[in-house]
Amino acid sequence: MLAENIKSNTGNLPVRVMFQDEARFGRLSDPRRCWAPWPMRPLVKKALIREYVYAYAAVTPADGQLDWMLGSKMDTLTMNVFLRQVSENHPEEFVVMVLDGAPSHRSVQLEIPENMVLLRLPPYSPELNPAERLWAELREKEFANKVFDSLDSAIVQLALGMWRLENSPPELHSLTGWKWILESS
């Protein structure tokens, strides 16, 4: 199936395989276990405010490159903006974007750039998408046991975490470079 999709690479551009996903982050706190010396017992504040922002990411497991953006919604229009951004970041490459079957990924209004093809994962198989690991990493390192005064402060924290990942290709390669992906590239 991948070979059929690559046939649309009429310009014979180098192929970049990326895995894409999106996740919701916000002010709803994420209390987790943490270490503290005995006999201390850490106290963690909790927030039940439902304000969110969506993070879009596409990662290349082979070299740990990350393209990302933040959006106010998870819909087809925002997905179109993200696909355009990825396409513009890789103008000299043909991007095979592996993604799940979210409604915004299947819409007839989805605008797929010329240097890109979408390859959908089977339904209900998030374990096949290494981009899912980004969200666990961000929730653990950037959001665990934190309460944000405003949505803007949560957005800043998320952007800092995304920048940290973007500037750490070896970490991303280690996090997403699963053997079956690297051997099939």
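Tabulated results
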read-out: Residues satisfying the stated conditions in region 42-82, i.e. under 15 Å from residue 25 (Cβ atoms) and at pLDDT below 90; value: 47, 49, 50, 51, 52
read-out: Residues satisfying the stated conditions in region 121-169, i.e. in a loop (DSSP other than H, G, I, E, B) and under 12 Å from the mean Cα position of the chain (by Cα); value: 129, 130, 131
read-out: Residues of region 83-110 satisfying the condition of being over 16 Å from the mean Cα position of the chain (by Cα) and under 21 Å from residue 26 (Cβ atoms); value: 103
read-out: Residue in region 25-38 that is modelled with pLDDT of 95 or more and within 16 Å of the chain's Cα centre (by Cα) present; value: no
read-out: Conditions (1) under 20 Å from residue 16 (Cα atoms); (2) of a type outside the set (Phe, Trp, Tyr); (3) surrounded by fewer than 19 Cβ atoms within 10 Å (Cβ to Cβ); number of the one not met by residue 102; value: (1)
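The values are calculated or read from the model by the stated rules, or taken from the named source; none is laboratory data. Only a predicted model underlies this, so the values are computations on that prediction, with no experimental measurement involved. Please note: Cβ atoms are built from the backbone with ideal geometry, for glycine as well, and neighbour counts cover all protein chains shown.
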